[in-house]
């Protein structure tokens, strides 16, 4: 007699990973996420490993987590996975400031963002 099991948020052939509180703006993070959308996971991991952007290493960790979830929790084949979705959302913004001329106050916004990656197993066409 307990609570019922929560329904899955993704399909049977999918797995997902979410990364919150990434210290970069969503606009910059979306450029890296767009780089891997729709690619096979091994190609996407390679692209992220050799990217010059600082946030690419955090995106790579999230993608590796999604791959591990697919393999260990859902029993999917790693060689057949593609990055089905990679989307970015806003998170909180730290508000900081700096004194400016004539008694004014210059706003400095330090945004955080979050990343969601879904990987999907594709059936090999014969």
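The table below gives the values:
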{"read-out": "Sole exception among (1) within 10 Å of the chain's Cα centre (by Cα); (2) loosely packed, with under 13 Cβ neighbours inside 10 Å for residue 54, by number", "value": "(1)"}
{"read-out": "Cross-chain or 6+ apart pairs with Cβ under 7 Å, the range 37-54 first and on the phi > 0 side of the Ramachandran plot, then not in a helix (DSSP H, G or I)", "value": "38/82; 38/83"}
{"read-out": "Residue satisfying all of: in the range 1-37; part of a loop (DSSP other than H, G, I, E, B) and at pLDDT 95 or above; nearest to residue 83 (Cα to Cα) among these", "value": "37"}
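The values are calculated or read from the model by the stated rules, or taken from the named source; none is laboratory data. These numbers come from a predicted model, not from an experiment. Neighbour counts run over all protein chains shown; Cβ positions are idealised from the backbone, glycine included.
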